[in-house]
1. If a residue must be assigned to a helix (DSSP H, G or I) and exposed (fewer than 10 other Cβ atoms within 10 Å of the Cβ), how many such residues does the range 28-52 contain?
2. Listed residues Leu56, Leu19; which is assigned to a helix (DSSP H, G or I), loosely packed, with under 11 Cβ neighbours inside 10 Å and of a type outside the set (S, T, N, Q)?
Amino acid sequence: MKTAGITCLLFSTLIGVSLILDMAIGFNMKDAVRNTFNPFRVMDTVEIAVIGVFLLILAADLVMAFMRKRKEGEGKKKGRMK
């Protein structure tokens, strides 16, 4: 429960800072909220490519971990049968 509370507190604080910074550079409230809750709309092509590469690396790591665990499980099953 503590972790969820801390996560919500950090999330709301970061959203507030983002809104304040957007309004400080001249956006009105509507545009600041739109930029905060839809960040892909204000990203450059390079930034989107970096996020895509990050997500691909993350997915590859998850698949490799799954395959490694599955392979270890098969090895243990074969060892038990002997």
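Every number in this text was worked out from the coordinates using simple rules, so none of it is lab data. In this text the structure is predicted, and so the values were computed from the model without any measurement. Quick reminder, even Gly has a Cβ in these numbers, built from the backbone with ideal geometry, and neighbours come from all protein chains shown.
1. As a first pass, look at the range 28-52 and keep what is assigned to a helix (DSSP H, G or I): 29-37, 39-42, 45-52.
Of the ones still in play, those that are also exposed (fewer than 10 other Cβ atoms within 10 Å of the Cβ) are 30, 40-41, 45-46.
Total satisfying the criteria: 5.
2. On the way: Leu19 fails: loosely packed, with under 11 Cβ neighbours inside 10 Å.
Matching residue, one of Leu56, Leu19: Leu56.
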